[in-house]
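Presented below is the structure to which this report refers.
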Amino acid sequence: MEKYKGYKAEDFLMDDSFVQWLRAGNAEVDQRWEQWLELHPEALPDVRKARLIYQSMHFKNIKLSSLQIEKEWERLVPELNESHRESLGQGTPSIGLGAWWWKVAGIFLILGLVYLGQYQYPTLLDVPTFSVNSVKAEPGNMVTVTLPDGSRVKLNGGSELKYQPSFAGSTRKVQLTGEAFFDVQKDSLRPFIIQTGLLMTEVLGTSFAIRAYGEQESIEVAVVEGKVRLHGRKPSKAQKEVVLVKDEMATFDLQSKEISVGAYDPSDQIAWKDGVILFKKADFSSIVKKLEKRYGIKFRVNGNVQIDKDWRFTGKFTNKSVEYILEAISYPNVFKYRVDNKTVNIYH
């Protein structure tokens with residue numbers, strides 16, 4: 001595929017292999033182009049531009065006969081190729097690239113007129129949908145969502161994911177409130193973007209976790225595989241863009257709008273998706289919040305209960321009942337508890 005070096009958007013659109021890739025459905029072609037783009041990231045701007053042009057000219061539900069398309073194509077391609085050669089300096093330069101684009105537009109205009117003549121429908125182009133799918137994981141439950149591109153998202157309790165029914169544009173955008181683990185399908189042309197409040201997380205294909213519950217003072221992004229890029233919802237010169245790689249975590253402070261980067265403990269950031277709950281020197285208040293989200297319960301603390309403000313608990317539990325965890329936390333005589341349906345009463 002060395003011939004594609006130096007190609008511009010218009011060159012890609014004239015290439016059969018490239019157009020076949022845009023249409024999808026051929027695993028071998030998909031893999032070949034994805035590998036080539038990894039080796040030639042400088043071509044991404046023109047590749048994305050070509051994809052946008054292709055999509056904007058892609059008619060919805062048009063059923064033209066192959067004879068009609070072939071006839072118009074055979075009539076216009078010689079002129080198209082001639083203009084293309086001239087734009088590359090092989091002919092009279094005065095015609096230039098502009099003429100080439102007018103002929104490209106002409107091909108699609110003719111196809112559109114044929115379509116109108118057959119069906120008399122006014123809608124030619126794909127109209128983007130503004131409907132939004134919303135998936136919620138109630139406290140005490142985890143929900144796995146498969147997105148239109150095949151990406152999978154596992155929502156922790158008390159979380160919500162919003163996304164469009166189809167990713168038809170140049171990006172794949174979702175909105176997250178709460179905590180989720182993402183396993184994103186690779187697509188070099190369409191970055192996957194997650195909006196969590198003021199923070200935007202952009203990926204091409206990777207797996208990572210985000211924690212962004214409403215009561216938190218920060219947003220946390222931990223990368224398991226691949227690479228992600230972070231920036232504020234409204235980027236500014238003062239705010240630097242941050243790139244994370246495997247085993248790195250970023251913490252976005254909601255007050256200062258600053259992003260710090262460091263290592264993370266997978267048991268704390270990732271293992272929840274496998275039924276693990278971890279406490280590291282946790283005080284009573286943070287334990288209550290975590291248990292309420294995980295098990296969908298509410299704590300009621302009697303007024304006579306006084307937990308030492310310096311008391312901390314460290315422990316790790318895998319697929320254990322809330323009673324089992326409470327038994328471990330309350331030992332020895334820190335407090336007593338009684339579980340009534342979805343309410344945990346704490347008393348002495």
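Values quoted throughout were computed directly from the atomic coordinates according to the rules given, and no laboratory measurement underlies them. Because the structure is a prediction, the values reported are computed rather than measured. Every residue, glycine as well, gets a Cβ built from its backbone with ideal geometry; the counts of neighbours run over all protein chains shown.
Y264 sits among other residues whose Cβ lies under 15 Å from its own Cβ, and their net charge, with Lys and Arg +1 and Asp and Glu -1, is -3.
On the beta carbon distance between E138 and Q35, with R0 = 30 Å, the FRET formula returns roughly 0.10. Convex hull volume of the C-alpha atoms in region 133-268, normalised per residue: 103 Å³.
A cut-off under 15 angstrom between Cβ atoms defines the neighbours of V132, and their net charge, with Lys, Arg +1 and Asp, Glu -1, is +3. Using the beta-carbon distance between L198 and A168 and R0 = 25 Å, what value does 1/(1 + (r/R0)^6) give for FRET efficiency, to the nearest 0.05? That pair, L198 with A168, gives E of 0.40. Seen from all directions on average, region 275-347 presents a Cα convex hull projection of 4.5 nm². At full extension, E327 and T343 could sit 4.2 nm farther apart than now, given 0.36 nm per residue minus the alpha carbon distance. Positive contributions from Lys and Arg (+1) and negative ones from Asp and Glu (-1), summed over other residues with Cβ under 10 Å from the Cβ of F279, come out at +3.
Panel order for F335, F252, by other beta carbons found within 10 Å of each beta carbon, from fewest to most: F335, F252.
Its Cα gyration tensor gives region 127-172 an equivalent ellipsoid, and the semi-axes of that ellipsoid, as √(5λ) in whole Å with the largest first, are 23, 11, 6. Ordering R48, R32, R23 from the fewest to the most neighbouring beta carbons within 10 Å gives R23, R32, R48.
Averaging the Cα positions of each part gives two centres, and for region 269-326 and region 159-221 these lie 27 Å apart. Each of D149, D340 was scored by other Cβ atoms within 10 Å of its Cβ. Listed from fewest to most, they are D340, D149.
Taking amide H atoms as placed 1.01 Å from N in the peptide plane, the amide H of K298 lies under 5 Å from those of T343, V344, each 5 or more residues away in sequence or on another chain.
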